[in-house]
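Trainee: Here's a structure for you.
The values are calculated or read from the model by the stated rules, or taken from the named source; none is laboratory data. All of these numbers come straight from a predicted model, not from anything done at the bench. Every residue, glycine as well, gets a Cβ built from its backbone with ideal geometry; the counts of neighbours run over all protein chains shown. Note: accessible area is taken over every heavy atom of the protein model, side chains too, but ligands, DNA and RNA are not part of it. Shrake-Rupley method; radii C 1.70, N 1.55, O 1.52, S 1.80 Å.
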Amino acid sequence: MEIMLPLLIAALSGVAMALQGTVNSFMSKTIGQMETTFIVHLIGVVTAALVLFVFHLGRGQLSRLGEVPWYGYLGGIISVLIIYGVVASMTKVGVANATTAIIVGQVTAALVIDCTGFLGMEKFPFTWLKGFGILLLAFGARLMLPK
């Protein structure tokens, strides 16, 4: 039962991602894709600063920033690529198709990370059932595409 709360949080994050992509795509129609990516990150910085410095909801570990390996900073660059990619795809193929493709990519990458223990993540063994699950997911995604 203790696994249910993290799974619920993950599912709600998925809902939030679809909503975020939709809202960002709406903004991009007015101001452009890269401009939207910039504004989204700017608002994110302000929000995170409020949470950390006004509401004091962080763990108080910013002083350890220098201990983070160089590749730990790639998340910011990847975030820009994600926001831009989501906006670019949703405006061209729709929210459902783009989100489905995003999920297939996420789950495939996550399976590779789980099986390899990439960047020190806990290793989980590959099974052919998991591989078959990815194939079914990809097949389901293909069914979502227009004929």
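Trainee: Can you sort T127, T37, T99 by 1.4 Å-probe accessible area, starting with the largest?
Mentor: Working: T127 55, T37 5, T99 30 Å².
Largest accessible area first, the list is T127, T99, T37.
Trainee: Heavy-atom accessible area per residue, the chain, 1.4 Å probe: how many Å²?
Mentor: On the way: 11090 Å² over 147 residues.
For the chain, the solvent-accessible area averages 75 Å² per residue.
Trainee: Next up: Whole-Hz Karplus ³J(HN,Hα) for segment 18-33, in order, using 6.51 cos²θ - 1.76 cosθ + 1.60 and θ = phi - 60°, x for Gly and Pro?
Mentor: Using θ = phi - 60°, the values come out as 5, 5, 4, x, 5, 5, 5, 5, 4, 5, 5, 5, 9, 10, x, 5 Hz.
Trainee: Could you calculate the contour length gain from F53 to Y71, that is, 0.36 nm times the residue separation minus the distance between their Cα atoms, to one decimal place in nm?
Mentor: Working: separation 18, 0.36 × 18 = 6.48 nm, distance 2.56 nm.
Length gained between F53 and Y71: 3.9 nm.
Trainee: Let me ask something additional. Through the Karplus equation 6.51 cos²θ - 1.76 cosθ + 1.60, θ set to phi - 60°, convert the phi angles of segment 47-64 into ³J(HN,Hα) values in whole Hz; use x for Gly and Pro.
Mentor: After applying 6.51 cos²θ - 1.76 cosθ + 1.60, I find 4, 5, 5, 4, 4, 6, 9, 9, 8, 6, 9, x, 8, x, 10, 4, 5, 8 Hz.
Trainee: Per the Kirkwood definition applied to all pairs of different Cα atoms, how many angstroms is the hydrodynamic radius of segment 44-123? Before the final figure, lay out the partial values.
Mentor: Working: mean 1/r = 0.0641 Å⁻¹.
Across segment 44-123, the inverse of the average 1/r is 15.6 Å.
Trainee: Compute the FRET efficiency between T30 and T108 as 1/(1 + (r/R0)^6), taking r as their Cβ-Cβ distance and R0 = 22 Å, and round to the nearest 0.05.
Mentor: Details: r = 33 Å, r/R0 = 1.51.
The pair T30/T108 has a calculated efficiency of 0.10.
Trainee: I've got another one for you. Rounded to the nearest 0.05, what FRET efficiency do R64 and L143 give with R0 = 35 Å and r taken as the Cβ-Cβ distance? Could you check? The partial results should precede the final answer.
Mentor: Numbers: r = 47 Å, r/R0 = 1.34.
Plugging the Cβ-Cβ distance into 1/(1 + (r/R0)^6) gives 0.15.
Trainee: Quick one: divide the alpha-carbon radius of gyration of segment 1-70 by 2.2 N^0.38 Å and tell me what you get. Mind showing how you got there, number by number?
Mentor: Numbers: Rg = 16.3 Å, N = 70, 2.2 N^0.38 = 11.1 Å.
In units of the 2.2 N^0.38 Å rule of thumb, it is 1.47.
Trainee: In whole Å, what are the Cα extents of the chain along the three principal axes, biggest one first?
Mentor: Cα extents, longest axis first: 48, 43, 33 Å.
Trainee: How far is it, in nm, from the label point at V15 to the one at W128 when both lie 7 Å from their Cα along the line to the Cβ?
Mentor: Result: 3.8 nm between the two label points.
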